[in-house]
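Everything below concerns the one structure shown next.
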Amino acid sequence: MLLFAAATMLLASCGGGGGRPTFGDNEYPVVTVGTSSTQMQTTYPATIKGVQDVQISPKVQGFITQINVKEGQTVSAGQVLFVLDNVTYQSQVRQSQAQVNTAQASCNTAKLSFENAQKLYENKVIGDFELQSATNSYESAKAALALAEAGLASAKEMLSFCYVKSPAAGVVGTLPYKKGALVNTASVLTTVSNNSSMEVYFSLTEKDALNMTQASLGEMPSVKLQLADGTIYGHEGKVSKMSGVIDAATGSVQVIALFPNPDRMLKSGGSGSIIIPKSNSSAIVIAQSCVSEVQNKKFVYTLGKDNKVKYTEIKVDPQNDGNNYIVTDGLKVGDKYVTNGITKLTDGMEIVPITPEKYQQKIDDQAKAMSAGDIVGAMKK
């Protein structure tokens with residue numbers, strides 16, 4: 001029983017692409033090319049970013065006196081993140097306020113003089129020159145007041161710059177500066193990332209991009225995200241944007257897929273792979289065991305009308321499931337090709353085509369007819 005099982009396994013293995021049993025004739029299994037539906041997928045390296053990643057920099061130079069947030073903290077728009085030393089700016093505000101008060105008093109005095117000059121002019125006590133002089137003094141006082149008020153507004157704005165606020169809601173990134181550090185307008189204090197949804201950036205080849213743009217973005221299938229640890233992210237995404245420019249250096253097109261991030265699992269700056277499914281209802285699928293590979297080229301033995309085989313090059317989709325190939329060129333519906341024993345064939349060799357079922361039956365019959373000595377001898381080879 002054990003010997004028979006061993007022989008069966010041995011003969012079955014010989015029936016693959018690596019060889020064939022000896023039938024004493026020239027019979028090989030042949031099938032006709034047909035089409036079938038298949039579901040494949042393509043993966044692309046990707047980078048994860050928040051929908052809005054805002055770098056936070058101060059608008060004035062100063063020492064950090066307060067840090068009001070921690071890394072990873074969720075903040076709202078307008079929330080004060082940092083406070084810079086503002087003693088100088090507070091002094092400027094007080095000085096500007098004093099200038100406004102002085103200008104206001106001068107303006108009030110000029111107004112009284114102008115109103116008095118108007119009454120005197122109406123009573124013909126003073127002439128046009130005196131009235132015009134009072135009017136000019138009043139207008140100058142009002143201009144001086146406006147200038148002082150503008151200076152006060154500018155001083156207050158400069159003081160407000162010492163309170164660094166978040167321009168958007170999101171999550172605080174790293175905090176490279178500590179309390180007491182001197183920073184300026186070129187210093188990036190942190191990054192606030194809006195990660196309620198995440199944008200995943202990846203690149204397509206020009207050919208793939210052309211295939212995708214045949215349909216609108218809304219009609220494209222949902223995509224999946226494989227994380228850096230190999231797991232599949234629990235929410236599917238949709239392709240939301242595609243660049244209209246092809247990178248001349250790489251020949252690729254940048255694409256952005258939008259993923260929901262309700263659990264805040266995805267982090268801005270992370271990496272992964274985008275998985276795009278591809279359906280084909282008329283694909284030519286053949287087993288990899290039927291294919292031989294020479295110098296990165298793939299070949300099958302096709303059968304002609306004269307029952308002679310031809311060593312035929314084929315092209316296949318680079319994505320496969322490890323067992324089958326999807327043929328993109330070299331075979332068409334109606335062609336016939338050899339499925340087993342291809343290592344015994346040569347180009348132009350004449351064979352007797354049989355069905356795969358008959359081929360398997362001959363393997364089974366031969367295994368039953370073999371003696372114990374034949375099995376032992378076969379296993380030693």
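By the rule of a C-alpha distance below 20 Å, with chain neighbours fewer than 8 residues away ignored, the aspartates and glutamates paired with Lys241 are Asp53, Glu199, Glu206, Asp208, Glu219.
Given a 1.4 Å probe, how much area per residue of the chain is accessible, in Å²?
Values: 21870 Å² over 381 residues.
Solvent-accessible surface per residue comes out at 57 Å².
Is there a quick way to get the dipole size of region 218-282? I mean about its Cα centre, with the Cβ of Lys and Arg at +1 and of Asp and Glu at -1; what is the value in debye to the nearest 20? Walk me through the numbers on the way to the answer.
Working: 6 positive and 5 negative charges, 13 e Å.
With Lys and Arg at +1 and Asp and Glu at -1, about 60 debye.
With each label modelled as a point 7 angstrom along the Cα→C-beta vector, the Ala287-Glu313 pair spans 2.6 nm. Of the residues Ile326, Gln295, Thr355, the one whose Cα sits farthest toward the positive end of the charge dipole of the chain, with +1 on the Cβ of Lys and Arg and -1 on the Cβ of Asp and Glu, is Gln295.
A simple charge model with +1 on the Cβ of Lys and Arg, -1 on the Cβ of Asp and Glu and nothing else charged puts the dipole of region 132-218 at about 380 debye relative to its Cα centre.
Considering Cα pairs under 8 angstrom that are at least six residues apart, work out the relative contact order of region 229-381 and quote it in whole percent.
Numbers: 159 pairs, mean separation 25.0, N = 153.
Across region 229-381, relative contact order equals 16 percent.
If R0 equals 25 Å, the separation of the Cβ atoms of Gln295 and Thr35 corresponds to a calculated FRET efficiency of about 0.30.
For Leu189, the residues whose amide H sits under 5 Å from its own are Ile56, Ser57, ignoring neighbours fewer than 5 places away on the same chain, with H placed 1.01 Å from N. Taking only protein heavy atoms and a 1.4 Å probe, the accessible area of the chain is 52% carbon and sulfur. A 18 angstrom limit on the alpha carbon distance is what I want to check against. Which of Lys59/Lys267; Lys207/Lys278; Lys70/Lys165 exceed it? Flagged as over cut-off: Lys59/Lys267.
Candidate cross-link partners of Lys119 among the lysines, defined by an alpha-carbon separation under 19 Å and a same-chain spacing of 8 or more, comprise Lys111.
For Thr42, the residues 5 or more places off, or on other chains, whose built amide H falls under 5 Å of its own are Ile276, Lys278. Note that region 190-198 has calculated 3J(HN,Hα) couplings of 5, 10, 9, 10, 7, 10, 5, 10, 10 Hz, one per residue in order, obtained from phi through the Karplus relation 6.51 cos²θ - 1.76 cosθ + 1.60 (θ = phi - 60°); glycine and proline are x.
With a point put 7 Å past each Cα toward its Cβ, work out how far Thr231 is from Asp347 in nm, to one decimal. Result: 5.3 nm between the two label points.
For P(r) over Cα pairs in 20 Å bins from 0, in percent, computed directly from the structure shown, the correct entry in (1) 18, 26, 22, 16, 9, 6, 2, 0; (2) 27, 50, 22, 1; (3) 26, 56, 17, 0 is (1). Taking the C-alpha atoms only, the angle from helix 2-14 to the longest principal axis of the chain is near 60 degrees. Measuring nothing but how far apart in sequence close Cα pairs (under 8 Å, 6+ apart) lie, relative to its length, the chain scores a relative contact order of 30 percent. Using a simple spin-label model with pseudo-atoms 7 Å out from Cα toward Cβ, Glu71 and Ile354 lie 7.1 nm apart. Label zone of Thr102 (point 7 Å out along Cα→Cβ, amide N under 18 Å): in region 119-152 this covers 140-152. Considering all C-alpha pairs of region 261-327, those separated by over 14 Å amount to 71%.
The values are calculated or read from the model by the stated rules, or taken from the named source; none is laboratory data. All of these numbers come straight from a predicted model, not from anything done at the bench. Note that each Cβ is placed from the backbone with ideal geometry, even for glycine, and that neighbours are counted across all protein chains shown. With ligands, DNA and RNA removed, areas are computed over all heavy atoms of the protein, side chains included. Shrake-Rupley method; radii C 1.70, N 1.55, O 1.52, S 1.80 Å.
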